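The values are calculated or read from the model by the stated rules, or taken from the named source; none is laboratory data. For clarity, every value in this text was computed on a predicted model and none was experimentally measured. Positions of Cβ are generated from backbone atoms using ideal geometry, with glycine treated the same way; all protein chains shown enter the neighbour counts.
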Amino acid sequence: NAGVTQTPKFQVLKTGQSMTLQCAQDMNHEYMSWYRQDPGMGLRLIHYSVGAGITDQGEVPNGYNVSRSTTEDFPLRLLSAAPSQTSVYFCASSYTGRNYGYTFGSGTRLTVV
Amino acid sequence: GENVEQHPSTLSVQEGDSAVIKCTYSDSASNYFPWYKQELGKGPQLIIDIRSNVGEKKDQRIAVTLNKTAKHFSLHITETQPEDSAVYFCAASSFTGGGNKLTFGTGTQLKVEL
């Protein structure tokens with residue numbers, strides 16, 4: 001049971017480039033989300049999805065797009081990378097309904113130069 | 001929306017001592033409060049959680065308490081060990097149409113010294 005798998009683990013981008021961070025889970029979780037982690041700021045929600053075909057914005061959605069075509073996958077797209085998007089990105093999933101904890105992936109460390 | 005504040009940002013204790021991390025939340029509708037441990041280079045891992053109909057929950061050396069009236073909850077680690085050194089995050093849940101949308105605190109770096 002792999003849990004939540006994120007790829008790549010590390011990435012360096014030039015300003016203006018685009019890329020997709022991949023997230024896949026094999027636990028049949030309906031709920032998936034993306035967070036970014038910056039020093040002193042904790043984990044901030046970028047986008048989330050409550051099921052295939054349904055996505056919504058979180059606290060810091062600007063500059064990011066998501067889609068959810070299957071239950072298993074929830075990719076995060078950076079449209080035109082900026083230095084302010086340098087961060088560690090975590091994907092998390094859980095069952096729907098109240099009171100379920102998240103399972104996190106191991107993260108993607110992104111540097112934009 | 002929900003706002004979660006966490007204190008202290010860093011905590012250093014001697015091995016065998018207790019450690020306490022405190023969080024406050026703003027949304028009285030929040031009813032689920034998990035705690036996560038993050039080791040260096042890894043994703044956060046759920047270590048304990050508490051629901052709003054419970055005042056205290058214990059799991060071996062860790063315990064969490066919740067005061068709904070004051071809107072604060074705390075993590076207690078007893079008999080600390082070096083492997084407890086990590087960053088700890090509290091969170092509060094705002095249920096949204098099928099999913100738990102968690103708001104996290106800013107984290108506490110716990111260092112257990114020998």
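Scanning the range A:25-53 for residues that are at the interface with chain B (Cβ under 8 Å from one of its Cβ atoms) and of a type in the set (A, V, I, L, M, F, W, C), which turns out farthest from A:THR86 (Cα to Cα)?
Among those that are at the interface with chain B (Cβ under 8 Å from one of its Cβ atoms) and of a type in the set (A, V, I, L, M, F, W, C), it is A:VAL50.
I'd like the residue in the range A:56-113 that is part of a loop (DSSP other than H, G, I, E, B) and among the basic types (Lys, Arg) and, out of all such residues, is nearest to A:ILE46 (Cα to Cα).
A:ARG68
Residues in the range A:23-41 that are crowded, with 19+ Cβ neighbours inside 10 Å and part of a strand (DSSP E or B): how many?
10
Anything in the range B:12-46 that is surrounded by fewer than 19 Cβ atoms within 10 Å (Cβ to Cβ), of a type outside the set (S, T, N, Q), at pLDDT 95 or above and over 23 Å from A:GLY107 (Cβ atoms)? List them, or say none.
Result: B:VAL13, B:GLU15, B:GLY16, B:ASP17, B:VAL20, B:LYS22.
Within the group B:THR65, B:THR80, which residue is away from chain A (no Cβ under 14 Å), under 14 Å from the mean Cα position of the chain (by Cα), polar (S, T, N, Q) and surrounded by 13 or more Cβ atoms within 10 Å (Cβ to Cβ)?
Values: B:THR80 fails: under 14 Å from the mean Cα position of the chain (by Cα).
The conditions single out B:THR65.
Check off (1) surrounded by fewer than 17 Cβ atoms within 10 Å (Cβ to Cβ); (2) in contact (Cβ under 8 Å) with a residue 12 or more places away in the chain for A:GLY97 and give me the number that stays unchecked.
(2)
Within the range A:42-54, take every residue that is of a type outside the set (Gly, Ala, Ser) and surrounded by fewer than 19 Cβ atoms within 10 Å (Cβ to Cβ) and give me the one that is nearest to A:GLN6 (Cα to Cα).
Of everything passing the filter in the range A:42-54, A:ARG44 is nearest to A:GLN6 (Cα to Cα).
Return the residues of the range B:87-114 that are at pLDDT below 85 and closer than 14 Å to A:LEU43 by Cα; say none if nothing qualifies.
Selection gives B:LYS101 alone.
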